[in-house]
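Report on the structure given below.
Coordinate-derived values only; no laboratory data. This structure is a prediction, so every number in the text was calculated from the model and none was measured. Backbone-built Cβ (ideal geometry, glycine too); neighbour counts: all protein chains shown.
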Amino acid sequence: MSQIKDKVVLITGASSGIGEATARVLSRKGASVVLGARRTGRLKTLTEALREEGGRAEYRALDVTTLGDVQAFAKFALETYGRIDVIVNNAGVMPLSRLEELKVGEWNRMIDVNVRGVLHGIAATLPIMKKQGSGQIINLSSIGGHAVHATAAVYSATKFAVIAISEGLRLENDKIRVTVISPGVTESELAESISADGAREAMKEFRRIAIPSEAIGRAIAFAIEQPDDIDVNEIIVRPTASPY
């Protein structure tokens, strides 16, 4: 029997890309999924589709940059299903640009979503998991969290931070599993947030070898379905043809 069946899994940034694909993969494996994102229309459509397939799914509007909103999301899941087994801190943005372009607003947005959003997910669920005596926190980093390239300085800094936060969390807890998933170039809407012309064109070329979002969903499922005494700490998933 799958270790995922009947687990309650929260997914942030679930309205598209990796979040949506992960919801589909886990729901089909028997998880009860609670989906959060700002675009509730998409969440509603996804939730209805999962239910039509026989899955258990709920959704709630979510802005991960606001701690109270993430806490309310976790409370909603707890009141609905009685426990929280996993949170997938997936919400992220990637408006790449050269530092000399001084897109400070975009820098701050990446810090707010990619770093604070993960911290808020931890803050909202860790006390619940510790009270339960079990749980798993899965944080999405990136290959950008392992190497820095031009235009990606701030983005990479946020993804390096996710790895550091996750390792600290792992060291501080012996009953909570902590996993970092680092995708390589993957089909998603992240590139659509790039406003810098040069970075946007470079990303179009880079994304020619993109792997489907479902590949990352399967990696997340692999980490969850291990026995409780096995903690898969990090998975890097790249296209076979990836030069990075």
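Below, the figures for the structure above:
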{"read-out": "Exposed GluC sites (Glu not before Pro) absent: longest stretch of the chain, with sites in DSSP loops and at most 16 other Cβ within 10 Å deemed exposed", "value": "54-188"}
{"read-out": "Gain upon complete extension [T45, H146; 0.36 nm per residue less C-alpha separation]", "value": "32.9 nm"}
{"read-out": "Computed label-point distance, nm, for sites A164 and S134 using a 7 Å Cα→Cβ extension", "value": "3.3 nm"}
{"read-out": "Distance in nm between pseudo-label sites at T80 and S2 (7 Å out along the Cβ direction from Cα)", "value": "1.8 nm"}
{"read-out": "Positive-pole candidate from N108, I138, N233, dipole of the chain, charges at beta carbon", "value": "I138"}
{"read-out": "Cβ charges +1 (Lys, Arg) and -1 (Asp, Glu), total dipole of the stretch 8-237, debye", "value": "340 debye"}
{"read-out": "Most fluctuating residue given options A150, A164, A221, as computed from a GNM of the chain linking Cα atoms under 10 Å", "value": "A150"}
{"read-out": "Taking S2, S97 and counting other C-beta atoms within 10 Å, the order from fewest to most", "value": "S2, S97"}
{"read-out": "For I211, residues with placed amide H under 5 Å, excluding near neighbours", "value": "T186, E187"}
{"read-out": "Efficiency of FRET from Cβ geometry, E100 and D231, R₀ 35 Å, rounded to 0.05", "value": "0.25"}
{"read-out": "Qualifying lysines (Cα of each under 23 Å from Cα of K103; at least 8 residues distant if same chain)", "value": "K159, K204"}
